[in-house]
Amino acid sequence: MQPSLEKLRKFFRLEHENGYSNTAIIGGLAKMLDFWAAEARVDGIHEEVIQAVEQRLRSYDGLSPQSRADVLKGLWKRIGETYPEAAQRTQPRPQSRPKPYPALTPEEPKPRSESQASESHPQQPRPRPVAPPRAESIPGAKHSQTPAALNAPLTVLQGVGPKHSQTLAELGMQTLGDMLYYFPRRYEDYSQLKPIKSLWYGEQITVIGTIQSVHTRPIRGGSSSIIEAILSDGTGALRLSWFNQPWMANRLKEEMQISVSGTVEQYLGRLVMNQPDWEPVDIEHLHTNRIVPIYPLTAKITQKWLRNLMNQVVTYWAPAVVDSLPESTRNDARLMPLGQALLQAHFPDTQDSLKTARERLAFDEIFFLQMGVLRQKRDWKQVEARRFLISDEWLGARLTNLPFTLTNAQQHAITDIRADFDSGKPMNRLLQGDVGSGKTVVAALAAAMITSNGAQAAIMAPTGILAEQHYRNFINLLASENGIMSPNEIRLLVGDTAESEKEAIRTGLADGSIKIVIGTHAVIEAPVQFKDLQFAVIDEQHRFGVEQRAELRSKGTNPHLLVMTATPIPRSLALTVYGDLDLSIMDEMPVGRQPINTYVLRPQERERAYTLIRGQIKEGRQTFIIYPLIEESEKLEDLRAAVDDYEVLSKEIFPDLKLGLLHGRMKPDEKDETMFKFRDKQYDILVSTTVVEVGVDVPNATVMLIEGADRFGLAQLHQLRGRVGRGSEQSYCLLVPTHEDATENERLQAMAQSNDGFVLAELDLKQRGPGEFLGTRQSGYATGLRMASITDVALIEKARTQAQKLFNEDEDLQKPEHALLAESLQRFWGASKGDVS
């Protein structure tokens, strides 16, 4: 059927559903003639049919509801006489559950010719092999009782041919089941619309209306422009403004109906909305007085087309999905049934039902994540490990020899580690502590506990300079005067270690004469073999892949494992993604460490920063200056770049000082050489990109100047700030944003107000999501959550409680009532066992 007749049929049906109230279109059904007649002529519709439609609809407004019904039915009958395919369509009727798709019933579908398979005339599909469902398609929903039809390709749907099917696949939808889990990105609540006349200053709201006018106004001498549009809904007018978006003038047309979302403001006594989000309004759905889903799209499909397709699939197939979550768990957690949740998540009846549906679907995601994490922890704890009993006398003697007193947090971490060593199970512990909290001391003492019992330890760091730093610290703590080890028993193994020295280290590790090796990826190379590796430490664990961590563990037999991070991990992440790890938190700074004074400077105040730098260097201190880019050719419009500003700084700003340059495009040995020179005070100032953020210890550096600070995440800013303040002198962190307006940036203000990495980590998680914290761990699950928010601690704890309860009851899910859950869990996690480090 031609598109114009299909459109006419839909308007007639909507009018029927509205009780023939002449509300299928804003302004009445006759308004459609403004555009419909032209479309019909393009489609080649007979002129007498077009004239009949125009004649009957122009007088439609003055008829009674019963007469309107008779007119539409008679008109459709007249169209059916000329176009039989229209007559075969169902007459307008109240919306109800759609009939089953013929191709999805158990009977063999009738074959069709290739010509019938076109996009414009889709009929029943021929049978075809269906690929197995992907594990991530429907987490927790696919199992042996899931209707087989949900595995069917989308070409079984009317109106979806090969081209549309390919487009939908780009959005992640390949089967009907995928569509159930392709959720709206937001909703327009047309049941709660507010007229423009009732708007209040400061409201954040969505408004529907018709564009009355659009014009462009130059500002700032013509270097910029403002697009202004007047939106009216019959009760009032609202001025819309977009700055420096000239293309908007071509996209917005007079008489166009749009929805706009934003904050209501005032200008010269008139209501305005600046930089609002907007999109065209789907007229057909506007007057159904409902909450309308807005889906993520690609360029080749429209919101209306996809929503109609979703409605077909979701309303029929969502109720058919079998819930794999045990009834006892659903009841305890007070959850909506899965089928109902899927339906309400797409086409909610009320805001309350939408909230309840999203909670159910989010619960499923966290619940399955938790079940897998608990399984990982169980599997790890089932392995036997050598026991190492550490006496109080031995530990007391070691602590007495230290040149400082441990903080309470360090003592608690050591207590945890001692208990792990004596448990008979392999330690699997995450030691997280803020920058400068003393994790290296804890790791060194733990390694000494192992080596004092005749075994070996390995420490792996992500960079050569960090490995060398750990090596020096271990030598000072364990092998200096009054130490418990010989310096020859602790060795450094990095990529540029001389080959002859590498061979000597390999020999020492193989015969057991070397007790501790500290290095980079070189530690896990194949030629490196240990006589008796019983303790592995991985520093900055998010910088290593799963395979690299597993390779280090494989060098020993179920060695105890300690992973360390200087990135404080928010509680919600610790409960989910790191739930298989025992956790030790070091949230206390050593005595003598001073908080770093942090200030946000406007770009034009940069000279104040230079004055402070000169003063600190005059007193014998050093400075970092950090840039977000390497050179001008890379930059976004106004970002300063390290290479370019290095030239200016060294020749014009600080010509009398010694400056070094460090960036990511340098070779590893060049980076290390530059960093060593800075540490050894051969440079006064180090101009660098963010490659300095991890672990580098330069106690003499007291100033950290960060250019383009608004372009960094909070976790990164905090890590960078932690490069100073590592000595006893007062240190400073100066944050200079890219432009004046960014001075009030929320992240920068938070940095100025707090030195607490855990407080900043929580804020960073809310703003940027979990990716910053996860590295290569199970980030595919945590960052791929469709409904759950990793910041929703209440939901996470609820799901964790239920998962723990079920796990305690039936950890292998062997009971018959848990069979479907076991299948779904396997599909969610796939063949992966996860990553225990």
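On full extension of the chain, what length is gained from SER223 through PHE758, given 0.36 nm per residue of separation minus the C-alpha to C-alpha distance? Provide the component values of the computation, followed by the final result.
On the way: separation 535, 0.36 × 535 = 192.60 nm, distance 4.40 nm.
Between SER223 and PHE758, full extension yields an extra 188.2 nm.
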| Sequence ranges 54-60, 748-754, 427-433, ranked by mean other-Cβ count within 10 angstrom, highest first | 427-433, 748-754, 54-60
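Would you please put 194-205, 513-524 in order of how densely packed they are, using the mean number of other Cβ atoms within 10 angstrom per residue and starting with the highest? All intermediate terms of the calculation are to be shown ahead of the outcome.
Numbers: 194-205: 12.8, 513-524: 23.0.
Descending mean neighbour count gives 513-524, 194-205.
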| remark: Residue span THR415 to ALA510: 0.36 nm per residue of separation minus Cα-Cα distance leaves a gain in nm of 31.1 nm
| Inter-label distance for GLU6 and GLU327, nm, one decimal - labels placed 7 Å from Cα along Cα-to-Cβ | 4.4 nm
| remark: Given pairs LYS531/LYS555; LYS381/LYS798; LYS425/LYS798; LYS515/LYS671; LYS10/LYS300 and cut-off 19 Å on Cα-Cα distance, the over-length ones are LYS381/LYS798; LYS425/LYS798; LYS515/LYS671; LYS10/LYS300
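Rank by packing, highest mean first: peptides 663-672, 438-447, with packing defined as the count of other Cβ atoms within 10 Å averaged across residues. Don't skip to the end; give the middle numbers.
On the way: 663-672: 14.8, 438-447: 23.6.
Top of the packing list down: 438-447, 663-672.
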| message | On a 30 Å Cα-Cα criterion, which of the cross-link pairs LYS439/LYS681; LYS377/LYS502; LYS355/LYS766; LYS31/LYS355; LYS355/LYS815 come out too long? | response | LYS377/LYS502; LYS31/LYS355; LYS355/LYS815
| Vicinal HN-Hα couplings computed from phi for segment 371-387 (Karplus, 6.51 cos²θ - 1.76 cosθ + 1.60; Hz; Gly/Pro x) | 4, x, 5, 5, 5, 4, 5, 4, 4, 5, 6, 7, 7, 8, 9, 5, 8
| field | Total formal charge among the other residues, if their Cβ is under 12 angstrom from that of ASP416, Lys/Arg +1 and Asp/Glu -1 | value | -1
| note | Given a Förster distance of 22 Å, the FRET efficiency implied by the Cβ-Cβ spacing of ASN808 and SER423, rounded to the nearest 0.05, works out to 0.65
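Read the figures in this text as sums done on the coordinates, not as results from a lab. The model shown is predicted, which means the values in this text are computed figures rather than measured ones. Virtual Cβ from ideal backbone geometry, glycine too; neighbours counted across all protein chains shown.
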